[in-house]
Amino acid sequence: MSDSRVKSLSEDIQKLCPCDIVVISPPKYNELYSKLHNLNRLLAWGHARVIENLLSGVSQGTHTYPGINSCDTVIADKFGDKKYIEKALMSKGKQITLIQRPKAEYDIAVAAASIIARNGFIEEIAALSTQIGVQLPKGAGPQVEEMAQSLIEKHGNEILNKIAKLHFKTTNKLTVITPRTDARPVPTRNGLGEPRANNRLWAPWRAEYIYSSKSDVCIFCEAIAKKDAFILSRGAKGFVIMNTFPYNNGHLMVAPYRHIANVEDLTGEEILLLFDLVQKSVRVLKAKMRPDGFNIGINLGKVAGAGVEGHIHIHIVPRWNGDTNFMPITAETKVISQSLEEAYKLLKEGFGEIP
Ligand SMILES: [Zn+2]
């Protein structure tokens, strides 16, 4: 269906039917995604919101409808486990019968809803386009990447959070280090005249981390219990895990199994065995990724940059010449990003080979 056909049908449908539209703008989407870590839960949240709004008689735009108190059945497309929407529904929504099925557009109500949703998307893209002064392309593909790249160059990396869903592959293809354009006098380090970290190493996947509200769950304890976590090696007293919000490719962390916060709490045996794992990690990284150097260290306390405070861990960050800090401020360098999964495969292999 063409955009104009979608628009006219959408108007007709809204004249005939009680409607509610929940628009999730890119910044909100990115925030929700980083909180929920799951697209199905995000979709469920949106569906539940609309259902609750309709049942309460809340409406949007120019049309006002009374509450649809007589409604007892809802039909929705099936995009995951049925429980997702059921869980997301609040008190009003819990009283309805929820039918979910694949290709639910066979039901005219869902088909109509899809058209309204598509129209909402088209309208929002148009509004965003006006706002930033370019025609934003939809979906994915070379023209999208090209446009995103040129917008980054013009407005900085942050523009992406305003106009795109960040958790898709396209974002990783755009990993760039942007040179500072507001060149201020370069602060020096140790009096040696070397520039300090002026270029930001841009890792878009960190946005998820930065925007995510910290939950009570310890990511290390959770990873130990989980099978699909990015654990590379399990030792007697601790383990090696990939940092899923890395500062650099191959950013690893070594942590004890025990949930302890302080260096003083580590036993002699743990210290020894954890450092064995650090040593092994360095060997593997050297063999598989050939870095030029490493940063290895522990952040204790929020003020020192600790993201997970309760569970001590040692960071191992491989560094390559020119990857960030000491890059001349005018240099324009692209960091070839390697996806987490690929890096995991490569390093897992290394941990298997190296004693
Ligand atoms: Zn823990």
Residues with amide H under 5 Å from that of Ile75, placed H, sequence gap 5 or more: Ile99
message: Output wanted: per-residue J couplings in Hz (rounded whole) for segment 81-92, from phi through Karplus 6.51 cos²θ - 1.76 cosθ + 1.60, θ = phi - 60°, x for Gly and Pro.
response: 4, 4, 5, 4, 5, 4, 5, 6, 6, 9, 4, 4
- request: Mind checking the full-extension length gain between Ser56 and Arg290? Use 0.36 nm per residue of separation minus the Cα-Cα distance, one decimal, nm.
  value: 78.2 nm
- prompt: In sequence order, what are the phi-derived ³J(HN,Hα) couplings for segment 268-282 according to the Karplus relation 6.51 cos²θ - 1.76 cosθ + 1.60 with θ = phi - 60°, rounded to whole Hz, with x for glycine and proline?
  reply: x, 5, 4, 4, 4, 6, 5, 6, 4, 5, 4, 4, 5, 4, 5
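Return the FRET efficiency for the residue pair Gln135, Asn262: r is the Cβ-Cβ distance, R0 is 45 Å, and the value is rounded to the nearest 0.05.
Numbers: r = 55 Å, r/R0 = 1.22.
That gives a FRET efficiency of 0.25.
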task: Give the Rg (one decimal place) followed by the Dmax (whole number) of segment 225-283, computed from C-alpha coordinates and expressed in Å.
output: 11.6, 31
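Count charges around Val263 for me, please; just the other residues with Cβ under 15 Å from its Cβ, Lys/Arg as +1, Asp/Glu as -1.
Details: positive: Lys237, Arg258; negative: Glu264, Asp265, Glu269, Glu270, Glu309.
Combined, the nearby Lys, Arg, Asp and Glu give -3.
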Backbone HN-Hα couplings from phi across segment 99-114 [Karplus 6.51/-1.76/1.60, Hz, Gly and Pro as x]: 9, 10, 8, x, 6, 5, 4, 4, 8, 4, 5, 6, 4, 5, 4, 4
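Of Lys169/Lys288; Lys92/Lys302; Lys154/Lys286; Lys154/Lys348; Lys165/Lys286, which ones are farther than 32 Å apart at the Cα?
On the way: Lys169/Lys288 24 Å; Lys92/Lys302 41 Å; Lys154/Lys286 37 Å; Lys154/Lys348 39 Å; Lys165/Lys286 34 Å.
Distance filter (> 32 Å) returns Lys92/Lys302; Lys154/Lys286; Lys154/Lys348; Lys165/Lys286.
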statement: So, for the Cα atoms of segment 3-129, Rg and Dmax in Å stand at 14.5, 41
task: Between Cys218 and Glu349, take the C-beta separation as r, use R0 = 35 Å, and let me know the FRET efficiency to the nearest 0.05.
output: 0.80
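If segment 134-173 were replaced by its equivalent ellipsoid, with semi-axes equal to the square roots of 5 times the Cα gyration tensor eigenvalues, what would those be, largest first, whole Å? All intermediate terms of the calculation are to be shown ahead of the outcome.
Numbers: eigenvalues 37, 29, 18 Å².
Value: 14, 12, 9 Å, ordered largest first.
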- prompt: Residue separation times 0.36 nm, minus the C-alpha to C-alpha distance between Ala225 and Cys71: what's the value?
  reply: 51.1 nm
- prompt: Hey, with R₀ at 51 Å, roughly what FRET efficiency would Phe121 and Leu272 work out to, going by the Cβ-Cβ distance, to 0.05?
  reply: 0.35
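Once you keep just the Cα pairs under 8 angstrom separated by 6 or more residues, what percentage relative contact order results for segment 3-129? Walk me through the intermediate numbers first.
Values: 138 pairs, mean separation 38.7, N = 127.
It rounds to 30 percent for segment 3-129.
Residue separation times 0.36 nm, minus the C-alpha to C-alpha distance between Leu39 and Ala111: what's the value? Can you show the working numbers first?
Values: separation 72, 0.36 × 72 = 25.92 nm, distance 2.13 nm.
In short, 23.8 nm is gained.
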Separation of the Lys7 and Glu153 label points, Cα + 7 Å toward Cβ, nm: 3.1 nm
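Here, each number is a calculation from the coordinates, and none is a lab measurement. Remember, it's a predicted structure, so these values are computed and weren't measured experimentally. For neighbour counting, all protein chains shown are included, and Cβ atoms are generated from backbone atoms with ideal geometry for every residue, glycine included.
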